[in-house]
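Below is one structure, written out as structure tokens; comments come after it.
The values are calculated or read from the model by the stated rules, or taken from the named source; none is laboratory data. Keep in mind the model is a prediction, meaning the values are calculated, not measured. Cβ atoms come from the backbone with ideal geometry, glycine included; neighbour counts cover every protein chain shown.
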């Protein structure tokens, strides 16, 4: 018989090599979950910033602190009611996303760090103001600096 195919030894060698590669890649990714969450929060902040800027273009101003990020998915009913609010809203989903730790983003307009604009931030892993390392706040002022 002259059948072509892989032998059991060849298959085992390939499986072992794939296992080694999977272990290496897995430890590289899994060893940095907090770094991945911080990056995810920064990406979410940037996406929310873009939606807020489109809101401002349509309505000549950002939502107030009282109206909050909810103004991106539902027409505000308090404060300065926007006249040109988009019926489909400003986010793809009909809800405001939570940060990478499952907490609400904090929105202030006018901002403290960005007095001519708004502050948008996450309190980080601990969900509390301030902190260091994985517990440090992540704000749109940080995202801007890191992109430079």
*Looking at this structure, is residue 36 modelled with pLDDT under 95 and in contact with a helix residue (DSSP H, G or I) (Cβ under 9 Å, 6 or more places away or on another chain)?*
yes
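Select, from 81, 57, the only residue that is assigned to a helix (DSSP H, G or I) and over 21 Å from the mean Cα position of the chain (by Cα). Lay out the reasoning, then the answer.
Working: 81 fails: assigned to a helix (DSSP H, G or I).
Result of the check over 81, 57: 57.
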*Would you mind stating whether residue 71 is closer than 24 Å to residue 142 by Cβ, buried (at least 19 other Cβ atoms within 10 Å of the Cβ), modelled with pLDDT of 95 or more and touching a helix residue (DSSP H, G or I) at 6+ places or on another chain (Cβ under 8 Å)?*
yes
*Please name all residue pairs, on different chains or six or more residues apart, with Cβ atoms under 9 Å, provided the first residue is in the range 74-98 and is under 15 Å from residue 51 (Cα atoms) and the second residue is part of a loop (DSSP other than H, G, I, E, B) and at pLDDT below 90.*
74/94
_Restricting to the range 99-124, count the residues that are assigned to a loop (DSSP other than H, G, I, E, B), touching a strand residue (DSSP E or B) at 6+ places or on another chain (Cβ under 8 Å), touching a residue at least 40 places away in the same chain (Cβ under 8 Å) and more than 18 Å from residue 73 (Cβ to Cβ)._
3
*Scanning the range 125-142 for residues that are touching a strand residue (DSSP E or B) at 6+ places or on another chain (Cβ under 9 Å) and assigned to a helix (DSSP H, G or I), which turns out modelled with the lowest pLDDT?*
142
